[in-house]
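Engineer: Before I ask anything, let me first share the structure, which is written out below as structure tokens.
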Amino acid sequence: MKYCFDALAIFGFAGLVGCANPEASKTEKTDSATVPNKGSYAQKVDEKQVELYELSNKNGLKISITNFGGRIVSFIVPDKAGKPTDIVLGYDSLNHFLHNKEAYFGALIGRYGNRIAKGSFQLEGKTYQLPINNAPNSLHGGPKGFHNQVWDAKLIDAQHLELQYMSKDGEEGYPGNLSAKVVYTLTDENALQIDYTATTDKATVVNLTNHAYFNLNGAGAATINDHLLQINADHFTPVDSTLIPIGVLAAVKGTAFDFTKAHAIGDSLGSKDIQMINGKGYDHNFALNRTAVPGLQTAATVYAPSTGIHMEVLTLEPGIQFYGGNFLDGTLVGKQAKPYAFRSAFCLETQHFPDAPNQKSFASTILLPGKTYSTQTVYKFSTK
Ligand code: BGC
């Protein structure tokens, strides 16, 4: 038995404390976090003003968000000793975001999060072709998706930031003028709540998410493989070698994808399962076990033993992409000149399933005129 766990109930919800095996727990904590400089974001992109906004709460949580891509640039939470820890990867300035090869750090993703096979789908008898930016597929709304657009921002107060973006008919190949709104709320219960809404004037497909890269030991710490992950999913959507779902739900039981009980991310990374080979590790959509009760349900929890930081992800969405940072390779240098090593971050992207516009058995992502797309995801923090 490699791991042990004790159930705890702190801050009003149950969590887990674990003792990871020595192999998995080589991560060190990073130095104390600093808030990014607003001046290094104040610049025009596409003739629109970009700024950096800060949300903070009474418990010392601080989130910096830029309206360039609606990106979470830094997310400072106190660790179990009270030390401020920046738990998201990113860069020190807007220029770095504009010119670096990792396009999605902290970003809002749209119009369609995840992949659409061969960048093509049919809607109301018409075929639409999207840019192929992840050959042979279209990924995360195309190269000039929502992550690379300047959103209109309104800082409502120190705990609410409202962002709006009007995506034009035909932009990145998608039909319909889509008016999207995202509200980031930092609550005094230490939760970042993200509310997404959108309306269209023509039938279209929509799948919005946030692509924060987390390391609960601090951005720049060596790995996330010691983090204890639990995903509330008995099934996942297996993929082909281009990461497009093959159209079935596979049971996680007895596989490297079984996170129904919390255990270290690194436990099964050596698995020869074809799905681990296709994903180069974890890069898969999990079909969440939703009860019939409507409303937010816990999708996943993550706990970093070194810092004691615990994150709970709650969502209204049917799926969550667990991406284990397989394409990070140490060549990207992020905030405070720290290089981002292989598997030194994880993403938990709440979503409808990848390629749903082409897969009839998946819940529909079609949005029609007169209807409102509306969804919510919450990342809630505590220490143990
Ligand atoms: C995808 C990965 C991709 C990453 C890019 C994830 O959502 O599933 O395949 O490399 O985004 O940041």
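The values are calculated or read from the model by the stated rules, or taken from the named source; none is laboratory data. Since we're looking at a predicted model, the values are computed, not measured. Neighbour counts are summed over all protein chains in view; Cβ atoms, including those assigned to glycine, are modelled from backbone coordinates with ideal geometry. Protein only, heavy atoms only, side chains kept; ligands, DNA and RNA dropped before computing areas. Shrake-Rupley method; radii C 1.70, N 1.55, O 1.52, S 1.80 Å.
Engineer: Would you list the strands (runs of 3 or more DSSP E) that sit entirely within the range 158-236 and hold 2 or more residues that are open to solvent by less than 30 Å² (accessible area, probe 1.4 Å) and among the small types (Gly, Ala, Ser)?
Structural biologist: Output list reads 191-200.
Engineer: Pull up the range 360-370, narrow it to residues that are surrounded by fewer than 21 Cβ atoms within 10 Å (Cβ to Cβ) and out of contact with any Leu (no Cβ under 9 Å at 6 or more places or on another chain), then point me to the one that is nearest to Ala81 (Cα to Cα).
Structural biologist: Filtering first and then ranking leaves Ala363.
Engineer: Further question: Given the options Lys118, Lys80, name the one that is outside any loop (DSSP other than H, G, I, E, B) and away from the ligand (no atom under 14 Å from the Cβ).
Structural biologist: Of the residues listed, the single one that is outside any loop (DSSP other than H, G, I, E, B) and away from the ligand (no atom under 14 Å from the Cβ) is Lys118.
Engineer: Could you give me the residue pairs with C-beta distances under 7 Å whose first residue belongs to the range 326-353 and is within 21 Å of Ile109 (Cβ to Cβ) and free of Cβ contacts under 8 Å to residues at least 60 places away in the same chain, whose second residue is acidic (Asp, Glu) and within 13 Å of the ligand (Cβ to nearest atom) wherever it lies, and which are 6+ apart or on separate chains?
Structural biologist: If the second residue must be acidic (Asp, Glu) and within 13 Å of the ligand (Cβ to nearest atom), the pairs left are Asn326/Asp283.
Engineer: Would you mind stating whether Gly141 is on the phi > 0 side of the Ramachandran plot, in contact with an Asp or Glu (Cβ under 8 Å, 6 or more places away or on another chain) and within 13 Å of the ligand (Cβ to nearest atom)?
Structural biologist: yes
Engineer: Something else about it: Just to check your reading of the model, which residue among Tyr323, Tyr303, Tyr379, Tyr373 is among the aromatic types (Phe, Trp, Tyr), at pLDDT 95 or above, buried (at least 17 other Cβ atoms within 10 Å of the Cβ) and farther than 30 Å from Lys181 by Cβ?
Structural biologist: Tyr303
Engineer: Just wondering, is there one or more residues in the range 100-112 that are among the charged types (D, E, K, R), under 24 Å from Ser241 (Cβ atoms), away from the ligand (no atom under 14 Å from the Cβ) and outside any strand (DSSP E or B)?
Structural biologist: Checked the range 100-112: no residue is among the charged types (D, E, K, R), under 24 Å from Ser241 (Cβ atoms), away from the ligand (no atom under 14 Å from the Cβ) and outside any strand (DSSP E or B).
Engineer: Could you tell me whether Ala135 is open to solvent by 50 Å² or more (accessible area, probe 1.4 Å), within 16 Å of the ligand (Cβ to nearest atom) and over 22 Å from Ser40 (Cα atoms)?
Structural biologist: It is true that Ala135 is open to solvent by 50 Å² or more (accessible area, probe 1.4 Å), within 16 Å of the ligand (Cβ to nearest atom) and over 22 Å from Ser40 (Cα atoms).
Engineer: Report whether or not Ala337 is in contact with a Phe, Trp or Tyr (Cβ under 7 Å, 6 or more places away or on another chain) and away from the ligand (no atom under 16 Å from the Cβ).
Structural biologist: So Ala337 does not fit the description; no.
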